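Before any comments, here is the structure.
What follows draws every value from the coordinates through simple rules; no lab data is involved. All values derive from a computational prediction rather than experimental measurement. Glycine gets a Cβ as well: all are built from the backbone with ideal geometry, and neighbour counts include every protein chain shown.
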Amino acid sequence: MSPALQVFIIMIILLIVVLIFLEVRHRLLNLWKDVSVKEVVFHRLLQETAVVFYDQKALFDEVEYKEGLKKVYRYKKQKVRYLLLQERRELFSNLNALYRSIEDEEDDKYKVLKTTFHNLQKARRVFNSKVLIYNQTITMFPTRYLAIKLNLKIKEYFG
């Protein structure tokens with residue numbers, strides 16, 4: 001085999017490796033972007049749901065849900081995205097308890113609350129599924145090493 005042919009074959013192999021590397025990098029960055037966008041959407045909906053539920057506090061039994069409404073009010077004014085995960089889960093838990101209290105109601109005055117909470121639930125499921133795909137991708141060989149180089153960290157599920 002001539003030296004020119006050997007150099008040509010090595011160059012082709014290197015080109016293929018570089019193209020694979022660039023494709024994997026592109027896929028990882030797209031996954032990260034997708035998860036980040038879903039995270040922002042979910043946190044925005046969590047914030048909006050807290051505002052809607054607190055604004056409709058007259059629909060809830062003040063005695064039974066006073067503590068839950070107080071916690072929802074506390075987070076109503078803050079940027080939910082900057083809260084600790086435990087605080088966001090506590091807010092969601094309180095919203096979930098309030099939703100369960102009106103879940104079986106058929107009155108139209110609960111329609112906005114139900115729709116808002118259903119949108120939040122949908123965004124949470126989409127976010128968690130994207131996080132699952134992202135986390136699995138960045139922890140598998142060989143993408144794990146590229147993810148480390150790109151400083152991509154594992155995202156936490158909302159639960």
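Past 22 Å, Cα to Cα: identify those pairs from LYS33/LYS155; LYS38/LYS76; LYS71/LYS114; LYS122/LYS149, in the order given. Cα-Cα > 22 Å for LYS122/LYS149; rest within.
Looking at the stretch 1-46, I'd like the Rg to Rh ratio, where Rg is from alpha-carbon atoms and Rh is Kirkwood's inverse mean 1/r.
1.49
Provide the three semi-axes, in whole Å and in decreasing order, of the ellipsoid equivalent to the chain as defined by the square roots of 5 times the Cα gyration tensor eigenvalues. The partial results should precede the final answer.
On the way: eigenvalues 496, 38, 22 Å².
Its equivalent ellipsoid spans semi-axes of 50, 14, 10 Å.
Angle of helix 85-102 to the longest C-alpha principal axis of the chain, folded into 0 to 90 degrees and rounded to 10: 50°. For the stretch 49-141, trypsin sites (Lys or Arg not before Pro) meeting the loop criterion (DSSP other than H, G, I, E, B) and having at most 10 other Cβ atoms within 10 Å: LYS77, LYS79.
If Lys and Arg each add +1 and Asp and Glu each add -1, what is the summed charge of the other residues whose beta carbon sits under 9 Å from the beta carbon of LYS130? Please report the intermediate quantities before stating the final value.
On the way: positive: LYS38, LYS155; negative: ASP34, GLU39.
Overall, the nearby charge balance is 0.
Taking chymotrypsin sites (Phe, Trp or Tyr not before Pro) across the stretch 1-83, none is in a DSSP loop with at most 11 further Cβ atoms lying within 10 angstrom of its Cβ.
Each of HIS43, HIS26 was scored by other Cβ atoms within 10 Å of its Cβ. Listed from fewest to most, they are HIS26, HIS43. Each of LEU84 and ILE10 was given a label point 7 Å from its Cα along the Cα-to-Cβ line. The distance between the two points is 5.7 nm.
Run the simple label-point estimate for LYS153 and ILE20 please: 7 Å along Cα→C-beta, distance reported in nm. Output for this residue pair reads 3.1 nm. What do you get for the angle between helix 3-55 and the principal long axis of the chain? Use alpha-carbon atoms, 0 to 90 degrees, nearest ten. Tilt of helix 3-55: around 10 degrees. Projected label points at VAL37 and ASN119, each 7 Å from Cα along the beta carbon direction, are separated by 1.8 nanometres. In a fully extended conformation the segment linking ARG144 and ARG27 would gain 40.9 nm over its present Cα-Cα distance, using 0.36 nm per residue.
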